[in-house]
Amino acid sequence: MAEFTTPDYLTALPEMFLAAVSLVLLMVGVFLGNRSTNLLTWLCVVAMGAAFIMVLVGSHAHSTTFFGMFVSDSFSIFMKCLVLIGAAVTLIMGMGYVKREGMNRFEFPILILFATLGMLLMISANDLIALYVGLELQSLALYIVAAFRRDSLRSSEAGLKYFVLGALSSGMLLYGCSMVYGFTGFTGFDEIAVAISHQGVDAHGAVPIGILIGLVFISAALAFKVSAVPFHMWTPDVYEGAPTPVTAFFAAAPKIAAMALFLRVLLGPFHELLTQWDQIIIFISIASMALGAFAAIGQKNIKRLIAYSSIGHIGYALVGLAAGTPEGVRGVLIYLAIYMVMSLGTFACILAMRRRGQMLERIEDLSGLSKTNPAIALALAIFMFSMAGIPPLAGFFGKLYVFMAAIEQGMYALAVIGVLTSAVGAYYYIRIVKVMYFDKPAESFDKPIGAELSSVLIGTGVITMFFFAYPTPVLEGAQAAAALLFP
Amino acid sequence: MTDWPILSTVTFLPLLGAAFILLIRGDEATIARNSRHVALWTSVVAFGICLLLILDFDTTTAEFQFEEYAPWLPEFGIGYHLGVDGISVFFLLLTTFLVPICIISCWEAVKTRVREYMIAFLVLETMMIGVFSSLDMLMFYIFFEGQLIPMFLIIGIWGGARRVYSAYKFFLYTLLGSVLFLLAILFMYLQAGTTDIPALMNEVWAPAVQTWLWLALFASFAVKLPMWPFHTWLPDAHVEAPTAGSVILAGILLKMGGYGFLRFSLPMFPDASEFFAPFVFSLSVVAVIYTSLVALMQQDMKKLIAYSSVAHMGIVTIGLFTFNAQGIEGGIFQMLSHGVVSAALFLIVGVVYDRVHSREIASYGGLVHRMPVYALVFMVITLASIGLPATSGFVGEFLIFVGVFQVNTWVAMLGLTGVILGAAYMLWLYRRVIFGELTKENLKSITDLKMREIGFFAPLVVLVLFMGIYPKPFLDVLHVSVENLVAQTQMARTGGADVVADLLPDALARALR
């Protein structure tokens, strides 16, 4: 860089806005103390809403800033919208819980805001350094919120586990980045892509082994973040141990951001190496689908069950990435959007599982829910059938597009394994329906569940149920976003 | 013909009724009463519209009629496409005919959660009508799979003692079969660029591709139909489902498998169908003989009827894979007849079950002394199930065997033994339940059919006799469409099966032959 030029701040406006707001809100919190939690939560939601609008009305054209480290394009816009919706909705859903369960500290919404900011940065990262900074900003905030209930052993354990394993994966990521930097001489995604394509041509199509090792380490670290098998071990424990609103947040937002990063890294700088990383993705996809289907069968805790189910869902989303085509990426994006809605709804149901002020988590606590709380039972049944992929619910369409991409690429084995595991997975989803509808009713849950929870339940339920009627906005957004990764 | 979207109306009217039931307010008794009435009248109106539709139906053309088209996923060329031809129109009629009968039959039998029950039934009706009226493969699949949800709930909530096990088995078996069907749809879509059924019928597939697609479809339809050895979910589901659920299962859901073969496997993959015909014949013959023998030994009335369904559907598949007009028309007619007869049989069991709460054959005997009208109805239906001339069962079986004799005498002979066995188990069942001395204490005060029960048996009995004595109106409607189907398969089948055989490993090909 010979001379210093002022970066184009407008491109990164939502992120800068969120960064400023979170600092201001932090100050507000410090001065007002814990009684301001409610206010701060709403302010955070408003800030996310404002950022959402900025993302949407901002330019959809491909533009980079900060010397190419930060990129904004239709792909990042699609993903940021998802993340912001997910984060805002989980904040709203969790308000009741935060108040009741002794988590009423003003840091909570602000940490979520910081994590969200980290995710936006990850999604827009166009450089290995930017990637790492975004990822760490997100992860550090998440480690803390996972352990936010200091008085709860399980919560502390979850936070610690997440931290130790997360640190390990960050280490792997850094190691991979340094290998790639060492062998290409660049950290920017665009430059790495050029370097790889030149080097690949030179040596009879063979790729320098250093880049390959770097690629494997980066993939492993990102697989850890999306909790794909075999890097999934932390997920069930963290999901079970973390406070439920935090778990809901984990399932909705960071997964999507990490998946966005996964897509951008593999299809951006490493696009040339598709035949190399494809093997990894196919393996972790099959392994995730299979583990998600079989390991969830024996679970008794619903949060743990959803953790395994989320591993399976990531496996399905990765089917689209394995296809390595615009159609495949479109499938992944549609899948993520639908999965986010379903999982938000499911966690809204879990948050409503409260009896005489006690939060419940066992699946058997749901027994006979269709008699005692028919509305919640209906909503949860819709989400479960949808996650199982039964048409005409939304989850079916998610699977439809990823499998379509796989078949288009002739990956028949992958598609067949995928649909078979989805049939196996259907078993544990319908088990929840069975418990709610076929078993003898237990005592009713506390009523009312609160306006926030009910509106989230209704919203997500309606989207899941009637997605088939008007899928165009999601399809078009995903289409535009996917096309961008394939210049 | 008018511009009025009659098929959409029929398809979604029940859903509208379900939404309406959801809005009913009041105490439990009011809700139950109003739900019953709304469900009944919605389904009756749907049936009425279907009758109008068949009056308007043009029997001289094999084209799809009452077509409706609207873009649905325009980016993908997937449309909302409805239409009926001579083959599907009767299934539509059968569905809308049976649903009101089911609703009347459970008027008093279902006492708990009436509102949910009626909603599940109406949603199920929409799905069933959708299966038979959609002309887009993806839509077909959505309806085909979508009915798993209401049926799962119907078996699981209102079923018998082992309802949970049966509901799981039904759900997972069917799902496992149909996911492969979904992959086949995706593959066909990617090759042909459309999921429109009429367009796909004009597509010519390479023999090797046909084999795999045929097998994927077979996985789904064979489970649904069900063919031996994929039938094990059926006895469980039938036995545990509430009476109306069994009626719908036997009367309509099983027919979807047969309809799938007619709509997809035969016209789209004629070479593979011809190649696999001996395989289908073998499975069907085994089904006919084996399940008939199993039926002979059952202690449970519903189980006996369930096994007899497998046997009858075996005869249907034999007819469908003869590739001649008699066989296929016979197969369709037999499906319609079985739809009515098996529905009636389950209702007959339901009548005594409501009174005595036992399905064991051994707990009955001598009912004729207390229930003469019941005995009469039971007799007519039993004879129809056996295939006595002048009942609907005869016409279908006769046509099928006329068709089969032209193709393979052995299949015809073995298949006919099933008919004999059918007479054995049905008549034996009838003798044990109806005749003999009335010795059991709890049967001495049993009452004959009530007006409500006569009300829903009367149309069934009349229809069984009408179809048996004067089948012409039905066959007239079927005929042109079936001729067209036969022409489609004949045209494509010019040695295609041998090409298919060459592509498979020798051992496998020999085994299948």
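The values are calculated or read from the model by the stated rules, or taken from the named source; none is laboratory data. As the structure is a prediction and not an experimental result, all values here were calculated from the model. Cβ coordinates were reconstructed from backbone atoms using ideal geometry, including for glycine residues, and neighbour counts include every protein chain displayed. The protein model used for the area step is the full one, side chains on, heavy atoms only, and it has no ligands, DNA or RNA in it. Shrake-Rupley method; radii C 1.70, N 1.55, O 1.52, S 1.80 Å.
Details
- A single entry from B:Ala222, B:Ala287 fulfils the requirement of being assigned to a helix (DSSP H, G or I) and touching a His at 6+ places or on another chain (Cβ under 8 Å): B:Ala287.
- For the criterion of being in contact (Cβ under 8 Å) with a residue 60 or more places away in the chain and open to solvent by less than 30 Å² (accessible area, probe 1.4 Å), A:Phe385 fails.
- Subset of region A:435-468 that is in a helix (DSSP H, G or I) and over 25 Å from the mean Cα position of the chain (by Cα) - its residue that is farthest from the other protein chains (Cβ to nearest Cβ): A:Ala451
- One residue stands out among those in region A:420-434 that are open to solvent by 10 Å² or more (accessible area, probe 1.4 Å) and farther than 19 Å from B:Gly177 by Cα: the one that is nearest to the other protein chains (Cβ to nearest Cβ), which is A:Lys434.
- Some residue of region B:168-177 being at pLDDT 90 or above and within 26 Å of B:Leu22 (Cα to Cα): yes
- For region B:189-201, a residue qualifies if it is farther than 13 Å from B:Ser265 by Cα and either more than 14 Å from chain A (Cβ to nearest Cβ) or hydroxyl-bearing (Ser, Thr, Tyr) (or both), and the qualifying residues are B:Tyr189, B:Thr194, B:Thr195, B:Asp196, B:Pro198, B:Ala199.
- Looking only at residues of region B:157-187 that are more than 10 Å from chain A (Cβ to nearest Cβ) and either in a loop (DSSP other than H, G, I, E, B) or in contact with a Leu (Cβ under 7 Å, 6 or more places away or on another chain) (or both), we find that the one that is surrounded by the fewest Cβ atoms within 10 Å (Cβ to Cβ) is B:Ala161.
- Selection status of A:Ala375, open to solvent by 10 Å² or more (accessible area, probe 1.4 Å) and over 21 Å from the mean Cα position of the chain (by Cα): yes
- On the stretch given as region A:40-69, residues that are open to solvent by 90 Å² or more (accessible area, probe 1.4 Å) and in a helix (DSSP H, G or I) total 4.
- When region B:202-216 is limited to residues that are closer than 15 Å to B:Ala192 by Cα and not in a loop (DSSP other than H, G, I, E, B), the one that is farthest from the chain's Cα centre (by Cα) turns out to be B:Val209.
- Subset of region B:423-449 (residues that are in a loop (DSSP other than H, G, I, E, B) and basic (Lys, Arg)): B:Lys440, B:Lys444
- The number of residues in region A:391-419 that are under 24 Å from A:Ala322 (Cβ atoms) and at the interface with chain B (Cβ under 7 Å from one of its Cβ atoms) comes to 8.
- So A:Ile280, is it at pLDDT 90 or above, over 19 Å from A:Gly315 (Cα atoms), more than 17 Å from the chain's Cα centre (by Cα) and open to solvent by 10 Å² or more (accessible area, probe 1.4 Å): no
- Enumeration of residues in region B:276-301 that are open to solvent by less than 10 Å² (accessible area, probe 1.4 Å) and closer than 30 Å to B:Ser363 by Cβ: B:Ala287, B:Val288, B:Thr291, B:Ser292, B:Ala295, B:Met301
- Options B:Val402, B:Val368, B:Val433: the member that is under 27 Å from the mean Cα position of the chain (by Cα), at pLDDT below 90 and β-branched (Val, Ile, Thr): B:Val433
- Filter pass, A:Gly368 being within 12 Å of another protein chain (Cβ to nearest Cβ), without any contact (Cβ under 8 Å) to a residue 24 or more places away in the chain, more than 22 Å from the chain's Cα centre (by Cα) and surrounded by fewer than 22 Cβ atoms within 10 Å (Cβ to Cβ): no
- Failed item, numbered, when B:Gly327 is tested on (1) touching a helix residue (DSSP H, G or I) at 6+ places or on another chain (Cβ under 7 Å); (2) assigned to a helix (DSSP H, G or I); (3) open to solvent by 20 Å² or more (accessible area, probe 1.4 Å); (4) not hydrophobic (A, V, I, L, M, F, W, C): (3)
- Any hit, region A:98-109, residues being touching a Ser or Thr at 6+ places or on another chain (Cβ under 6 Å) and either in a loop (DSSP other than H, G, I, E, B) or more than 20 Å from A:Leu121 (Cβ to Cβ) (or both): yes
- Test: residue in region A:336-356 that is small (Gly, Ala, Ser) and under 16 Å from A:Glu240 (Cβ atoms): yes
- Restricting B:Glu360, B:Glu441 to residues that are under 28 Å from B:Leu98 (Cα atoms), open to solvent by 60 Å² or more (accessible area, probe 1.4 Å) and among the acidic types (Asp, Glu) narrows the list to B:Glu360.
- Residues that are more than 17 Å from B:Pro100 (Cα to Cα), in contact (Cβ under 8 Å) with a residue 40 or more places away in the chain, among the aliphatic types (A, V, I, L, M) and open to solvent by 40 Å² or more (accessible area, probe 1.4 Å) within region B:1-51 comprise B:Met1, B:Leu22, listed in sequence order.
- Conditions (1) at pLDDT below 85; (2) surrounded by fewer than 19 Cβ atoms within 10 Å (Cβ to Cβ); (3) not β-branched (Val, Ile, Thr); number of the one not met by B:Arg452: (1)
- Considering residues of region A:447-473 that are in contact (Cβ under 8 Å) with a residue 60 or more places away in the chain and over 25 Å from A:Ala307 (Cα atoms) only, the residue least open to solvent (accessible area, probe 1.4 Å): A:Pro471
- Sole residue being in contact with a Leu (Cβ under 6 Å, 6 or more places away or on another chain) and farther than 20 Å from B:Ile119 by Cβ, chosen from A:Val416, A:Val402, A:Val332: A:Val332
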